[in-house]
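**Q** Let me begin by handing over the structure; questions about it come next.
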Amino acid sequence: MTSSWEQYAELRERQPAYFVNPPDAAVYILHEPEEVAEAERAKAEALRKRGLPTEWSRVGVAYQDEYVTLVRDPVRFSDGSLGTYIRSMPGGDADGVVLLPVLDGAVVLVEHFRHAVRGWQLEAPRGFGEAGVPAVEQAARELREELGAVPTRVVDLGLLHPDAGTATDRVHLYLVEIAELGPLDAVEGIRAARTYPPEKVGELIRDGVVTDGFTIAAWTRAWLRGLLGARPAGPARPR
């Protein structure tokens, strides 16, 4: 069986961008065996003092399946101390996609049951990326699968890091114009598609009805770029 450290080394070789150390890095990933061992010992001692399991200090791949990989990096912090830092990476080595569908000027959101929070969310459709599939192609696929729709226009809204504190994930945001809605993907837990004037979506975000961060980001990007029928007012001119 491949050890967690061997898996880590393979991942580092396959995805070097996740392990780069910029010249001004405040958290430096260690590679030398002596420093790695010292970082583990320092973390183990800190855990022991708090009465926590010392196995939480072991660096390498802590968990992996087809959806997510958790790694525990050996690091040196900006004050010179050593320790570990856990991160989540996408299991498929590909970026996710989020779609803000627009039908006849109205924003389409779906009611989607989310297992993680054990409840229904009003949100924009989204999906995992697939290695080797361009993000814009994946976006069209997700649109077809979740809403039974085909995009008539796609606008790239840029990248989003959902949680830069613990995850390497990158998500591509798109505004997609559609001509009609098709059958919904009930298998994925979608029970309805709702259309709202763009400004109403802003109110739902403001009032805490829409709490999904991806949806908030996609709507905000589109709104601030004037892609939803209204442009934000510019800065007030001094009198």
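**Q** Please give the net charge around ALA135, taking every other residue with its beta carbon less than 11 angstrom from that of ALA135, where Lys and Arg add +1 and Asp and Glu add -1.
**A** Surrounding charge for ALA135 is -3.
**Q** How much accessible surface does GLU199 have with a 1.4 Å probe, in Å² rounded to 10?
**A** 100 Å²
**Q** As a test of the definition: which semi-axes, in Å, follow for region 172-225 when you take the square root of five times each eigenvalue of its alpha carbon gyration tensor? Largest first, please.
**A** 20, 15, 12
**Q** For GLU32, what charge total do you get from the other residues with a beta carbon under 15 Å from its beta carbon, if Lys and Arg give +1 and Asp and Glu give -1?
**A** -2
**Q** Take the alpha-carbon positions of region 62-122, form their convex hull, and give its projected area averaged over all directions (one quarter of the hull surface) in nm².
**A** 7.5 nm²
**Q** Show that you can apply the helix-only estimate: for the chain, add -39,500 (n - 2.57) for every DSSP H stretch of four or more residues, divide by all residues, and state [θ] at 222 nm to the nearest 500.
**A** Rounded to the nearest 500, the figure is -8000 deg cm²/dmol.
**Q** Under the Karplus relation 6.51 cos²θ - 1.76 cosθ + 1.60, θ = phi - 60°, what is the ordered set of whole-Hz ³J(HN,Hα) values for region 211-218, x standing for Gly and Pro?
**A** 10, 5, x, 5, 5, 4, 5, 5
**Q** Each label point is 7 Å from the Cα along the Cα-to-Cβ direction; what then is the distance between the points at THR152 and PHE77, in nm?
**A** Label-label distance for THR152 and PHE77, simple model: 5.5 nm.
**Q** With +1 assigned to the C-beta of every Lys and Arg and -1 to the C-beta of every Asp and Glu, and no other charges, what is the dipole magnitude of region 143-202 about the Cα centre in debye, to the nearest 20?
**A** 140 debye
**Q** Hey, what do the phi angles of region 19-30 turn into as Karplus ³J(HN,Hα) couplings, whole Hz, using 6.51/-1.76/1.60 and θ = phi - 60°, x for Gly and Pro?
**A** Result, rounded to whole Hz: 10, 6, 10, x, x, 9, 4, 8, 10, 9, 7, 8.
**Q** Let me spell out the model: positive unit charges on the Cβ of Lys and Arg, negative unit charges on the Cβ of Asp and Glu, origin at the Cα centre of the chain. What dipole size does that give, in debye rounded to 20?
**A** The calculation lands at about 980 debye.
**Q** Kindly report the accessible area of the chain per residue (heavy atoms of protein chains, probe 1.4 Å, no ligands, DNA or RNA), in Å².
**A** On a per-residue basis, the chain sits at 57 Å².
**Q** Moving on to the next point. Leaving out ligands, DNA and RNA but keeping every protein chain, what accessible area does ARG48 have, in Å² rounded to the nearest 10, with a 1.4 Å probe?
**A** For ARG48, the solvent-accessible surface is approximately 130 Å².
**Q** Let me ask something else about it. In Å and from the alpha-carbon atoms only, list the Rg and Dmax of region 76-192.
**A** For region 76-192, the Cα-based Rg and Dmax read 16.8, 58 Å.
**Q** Then there's this: In whole Å and largest first, what semi-axes does the C-alpha gyration tensor of the chain yield when each eigenvalue is scaled by 5 and square-rooted?
**A** Whole-Å semi-axes of the equivalent ellipsoid: 40, 21, 17.
**Q** Same structure, new question: Would you kindly derive the ³J(HN,Hα) couplings of region 73-79 from the backbone phi angles with the Karplus curve 6.51 cos²θ - 1.76 cosθ + 1.60 (θ = phi - 60°), listing them in order in whole Hz, with x for Gly and Pro?
**A** Using θ = phi - 60°, the values come out as 7, x, 9, 10, 7, 5, 8 Hz.
**Q** Taking the Cα atoms of region 1-117, report the difference between the largest and smallest coordinate on each principal axis, in whole Å and largest first.
**A** 61, 35, 35 Å, listed from the longest principal axis down.
The values are calculated or read from the model by the stated rules, or taken from the named source; none is laboratory data. Model, not experiment: these values are computed from the prediction. Counting neighbours? That spans all protein chains shown, and the Cβs are built from the backbone with ideal geometry, glycine included. Accessible surface areas use protein heavy atoms only, side chains included; no ligands, DNA or RNA. Shrake-Rupley method; radii C 1.70, N 1.55, O 1.52, S 1.80 Å.
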